[in-house]
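The values are calculated or read from the model by the stated rules, or taken from the named source; none is laboratory data. Predicted model only: the values in this text are computed from it and were never measured. Because the Cβ atoms are built from the backbone with ideal geometry, glycine has one as well, and the counts that use them run over all protein chains shown.
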Amino acid sequence: MAATPPLPPFPATSTKSLKLSHSPLLLSSKNRSNFITSCEIRRSFENHRNWTIEHFSNMNNRDSIHSNNSNSFSSSLVSATASQLPMKNSKKVVLFYSAETKSLAYNIASESDAIELRSISWGKFPDGFPNIFIPNAQGIRGQHVAFLASFSSPAVIFEQIPVIYALPKLFVASFTLVLPFFPTGTSERMEDEGDIATAFTLARLLSNIPISRGGPTSLVTFDIHALQERFYFGDNILPCFESGIPLLKRRLQDLPDSDNISIAFPDDGAWKRFHKQLQHFPTVVCAKVREGDKRIVRIKEGEPKGRHIVIVDDLVQSGGTLIECQKVLAAHGASKISAYVTHGIFPNKSWERFGHDNGGNPESAFTYFWITDSCPLTVKEVMHRPPFEVLSLASSISASLQI
Amino acid sequence: MAESIVVKSPKKHVNLFYSLDCEELANKVASHSQNNITLQNIKWRSFADGFPNIFINNAEELRGQHVAFLASFSSPAQVFEQLSVIYALPRLFVSSFTLVLPFFPTGSFERMEEEGDVATAFTLARMLSNIPISRGGPTSLVIYDIHALQERFYFGDEVLPLFETGIPLLKERLQQLPDADNVVIAFPDDGAWKRFHKQFDNYSVVVCTKVREGDKRIVRLKEGHVSGHHVVIVDDLVQSGGTLIECQKVLAANGAAKVSAYVTHGVFPNQSWLRFTHKDEASEKAFAYFWITDSCPVTVKALANKAPFEVLSLAGSIANALQI
């Protein structure tokens with residue numbers, strides 16, 4: 001395995017030749033513990049290679065931060081959510097993508113001038129193993145590079161991993177892996193000795209991505225199934241956990257009955273994952289209760305009566321959980337029922353179970369069913385079929401590439 | 001003079017897990033070992049989304065035991081599910097872990113001729129190098145006739161590659177032939193010669209080579225005497241079979257009495273082994289024997305010993321390797 005190349009020495013004279021691309025700020029002593037600074041130091045070497053250092057630390061949204069230092073660097077205010085980064089700080093990113101994610105990649109690139117799409121030549125040898133070529137590999141030297149992956153089945157993992165392991169070693173400035181949906185996320189614990197937690201396998205595969213000149217690979221993923229999975233990753237990868245909930249919130253604001261919406265969580269797990277992001281909505285929490293042999297969904301807290309209920313969860317597989325919840329919520333008087341999941345996995349076309357409620361049938365159909373485009377194969381199938389609406393992660397991903 | 005007494009260390013008892021494709025080979029390995037190898041079971045299932053739902057039976061009984069896994073990556077789709085087991089077994093407090101991967105696929109895509117080539121042999125070596133260590137230290141990784149000798153160095157420190165070869169099986173078989181003393185070994189190119197010639201010191205050797213003539217690439221005899229001999233072409237693997245067929249033509253044209261072939265790995269994508277089966281007089285005269293090992297179980301099942309194919313089993317060799 002290659003050792004990290006030592007960073008080029010930072011000569012003292014560079015301070016004079018700095019390009020200052022941000023407005024000057026003052027760090028007040030009160031706020032020193034809660035600040036975010038973004039430092040961009042650029043120095044052009046003879047070969048026109050740009051070398052960038054970026055530092056971030058956490059911040060709250062206090063606006064009263066100013067800096068009047070004028071010696072080595074200037075800093076600018078950057079807010080905690082990536083989507084609010086000022087566009088003038090854009091770093092140029094070269095974005096590669098897998099065959100499945102082409103459509104999403106184009107959407108991401110259209111969100112920002114700073115993102116350039118590049119293609120890869122995906123072939124197969126007769127024995128079925130990948131025959132891949134990255135055109136113009138020398139052209140990405142010194143560039144920030146990202147790869148938009150989709151592991152919709154075990155077979156495609158081995159087609160994309162060779163590219164993911166190869167790109168960081170092509171003298172890129174940094175490498176980011178965008179994997180909107182982290183599959184195997186539900187298989188993340190051993191209840192019996194002998195259980196195989198495939199989430200551990202996948203996290204290990206990704207933790208083994210070679211580091212690049214930009215240090216550890218950034219891994220952008222949305223609404224990972226279990227919060228504990230953050231710690232399955234090794235030191236050579238920096239997981240960046242994003243969420244699709246902001247997209248849902250924006251969509252809900254546009255609804256005519258936006259003031260009549262309550263959020264329902266199908267179980268405590270979903271509540272733990274999402275309630276903090278949805279605090280200003282009334283909530284209903286469901287729970288599965290054992291009654292003899294059967295497991296029945298009950299309402300644990302909250303009042304659905306007369307409300308437009310939106311059931312929120314991270315993913316959907318067969319849809320059974322959502323349908324059970326729907327029945328209980330309708331029985332308790334919900335006037336309309338919709339659902340949101342970040343990841344519409346829907347194996348074996350299970351999306352067919354979800355019909356469209358045009359009014360008055362909350363017990364048997366859904367008003368809206370929102371999914372994101374994290375699972376591109378599903379998106380193709382449900383795109384134009386009510387109740388499904390696809391909320392695109394493109395702008396969120398585009399912003400996260402700026403981190 | 002006192003006789004030297006060779007004291008062999010007691011045989012290791014090994015618990016052998018295997019992928020579904022390798023069940024037959026695993027059974028043969030176990031039967032070679034006279035109770036030193038116990039076959040173990042895994043529940044291989046899938047979730048509705050296609051991802052593996054695997055359970056290792058009797059996991060607690062593996063504590064303090066030597067454990068091995070017999071893998072077969074005949075297609076990219078199988079890698080993830082077997083890798084999940086391979087990454088999990090070493091952590092079950094076993095006393096050592098050995099991965100037997102008779103055929104290392106991607107082996108022929110192991111170099112970057114241009115910037116932008118993606119050498120999948122590097123990818124696979126990296127994935128295997130990331131196997132967690134166990135109480136027995138690094139994982140032993142048993143591979144037969146890897147395509148490029150340089151690939152030994154693609155592996156990291158947490159695995160100990162053990163490179164075996166199927167050639168001894170071939171030599172044993174050749175000695176059984178009625179015309180054993182008339183056998184000459186042919187290598188289809190310099191690569192094969194580099195890989196194998198040292199194991200054939202007692203044989204006369206023929207080397208072929210591909211020569212460019214205009215647009216075409218033609219196989220020619222580079223060195224050696226063919227006329228009147230039973231020539232056995234030896235290589236590590238066969239894909240489409242084109243190389244072997246070209247060689248056979250040249251050898252026959254140069255007077256070979258019989259031509260046979262041996263490859264360790266009968267990859268034969270898309271049933272390309274059909275080009276060699278005896279269907280008519282012409283094909284019967286082309287190859288007298290075609291030996292492959294059982295490193296590629298999918299092929300072995302498909303060709304079911306149809307002439308001229310004969311399968312030489314790696315079982316005994318693997319059973320011995322597990323004792324290392």
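State all residues of the stretch B:56-74 that are surrounded by fewer than 17 Cβ atoms within 10 Å (Cβ to Cβ) and touching an Asp or Glu at 6+ places or on another chain (Cβ under 8 Å); if no residue qualifies, say none.
B:Glu60
Identify, please: which residue in the stretch B:265-300 is buried (at least 22 other Cβ atoms within 10 Å of the Cβ) and of a type in the set (Val, Ile, Thr) and is, among those, nearest to the chain's Cα centre (by Cα)?
This residue is B:Thr293.
Could you list, in sequence order, the residues of the stretch A:197-245 that are more than 10 Å from chain B (Cβ to nearest Cβ), in a loop (DSSP other than H, G, I, E, B) and more than 18 Å from the chain's Cα centre (by Cα)?
A:Ile211, A:Arg213, A:Gly214, A:Asp235, A:Asn236
Within the stretch B:105-116, can you find the residues that are in contact with a helix residue (DSSP H, G or I) (Cβ under 7 Å, 6 or more places away or on another chain) and either at pLDDT 95 or above or surrounded by fewer than 21 Cβ atoms within 10 Å (Cβ to Cβ) (or both)?
Of everything in the stretch B:105-116, those that are in contact with a helix residue (DSSP H, G or I) (Cβ under 7 Å, 6 or more places away or on another chain) and either at pLDDT 95 or above or surrounded by fewer than 21 Cβ atoms within 10 Å (Cβ to Cβ) (or both) turn out to be B:Glu110, B:Glu115, B:Gly116.
Test each condition in (1) buried (at least 22 other Cβ atoms within 10 Å of the Cβ); (2) within 14 Å of chain B (Cβ to nearest Cβ); (3) over 17 Å from the mean Cα position of the chain (by Cα) for A:Asp192 and report the one that comes out false.
(1)
Going by the conditions given, is A:Pro180 in contact with a His (Cβ under 9 Å, 6 or more places away or on another chain), in contact (Cβ under 8 Å) with a residue 60 or more places away in the chain, under 25 Å from A:Lys91 (Cβ atoms) and in a loop (DSSP other than H, G, I, E, B)?
The answer is yes for A:Pro180.
Which of (1) closer than 25 Å to A:Glu352 by Cα; (2) surrounded by fewer than 19 Cβ atoms within 10 Å (Cβ to Cβ); (3) of a type in the set (Val, Ile, Thr); (4) modelled with pLDDT of 95 or more is the odd one out, the single condition A:Val310 does not satisfy?
Every listed condition holds for A:Val310 apart from (2).
How many residues does the stretch A:330-369 hold that are farther than 14 Å from A:Ile311 by Cβ, small (Gly, Ala, Ser) and within 14 Å of another protein chain (Cβ to nearest Cβ)?
Of the residues in the stretch A:330-369, 1 are farther than 14 Å from A:Ile311 by Cβ, small (Gly, Ala, Ser) and within 14 Å of another protein chain (Cβ to nearest Cβ).
Quick one: count up the residues across the stretch A:333-346 that are of a type outside the set (A, V, I, L, M, F, W, C), buried (at least 17 other Cβ atoms within 10 Å of the Cβ) and over 19 Å from the mean Cα position of the chain (by Cα).
3
Test B:Thr98 against the stated conditions and say whether it is of a type outside the set (Asp, Glu), at the interface with chain A (Cβ under 8 Å from one of its Cβ atoms) and not in a helix (DSSP H, G or I).
No: the conditions fail for B:Thr98.
I need the full set of residues from the stretch B:111-153 which are away from chain A (no Cβ under 14 Å), hydrophobic (A, V, I, L, M, F, W, C) and part of a loop (DSSP other than H, G, I, E, B), in order please.
If the condition is that a residue be away from chain A (no Cβ under 14 Å), hydrophobic (A, V, I, L, M, F, W, C) and part of a loop (DSSP other than H, G, I, E, B), then B:Ile146, B:Ala148 are the ones that fit.
In the stretch B:279-317, which residues are part of a helix (DSSP H, G or I) and touching a strand residue (DSSP E or B) at 6+ places or on another chain (Cβ under 9 Å)?
B:Lys285, B:Ala286, B:Thr299, B:Val300, B:Leu303, B:Ser317
Quick test of your reading of the structure: A:Lys92 fulfils all but one of (1) more than 8 Å from every other protein chain (Cβ to nearest Cβ); (2) buried (at least 20 other Cβ atoms within 10 Å of the Cβ); (3) of a type outside the set (A, V, I, L, M, F, W, C). Name the failing condition by number.
If we test A:Lys92 against (1) more than 8 Å from every other protein chain (Cβ to nearest Cβ); (2) buried (at least 20 other Cβ atoms within 10 Å of the Cβ); (3) of a type outside the set (A, V, I, L, M, F, W, C), just (2) comes out false.
Looking only at the stretch B:112-139, which residues are in contact (Cβ under 8 Å) with a residue 24 or more places away in the chain and over 25 Å from B:Phe55 (Cβ atoms)?
Within the stretch B:112-139, B:Ala121, B:Phe122, B:Leu124, B:Ala125, B:Arg126, B:Ser129, B:Gly137 meet the criteria.
Suppose we filter the stretch B:181-222 for residues that are in contact (Cβ under 8 Å) with a residue 60 or more places away in the chain and under 22 Å from the mean Cα position of the chain (by Cα); how many remain?
Number satisfying all stated conditions: 1.
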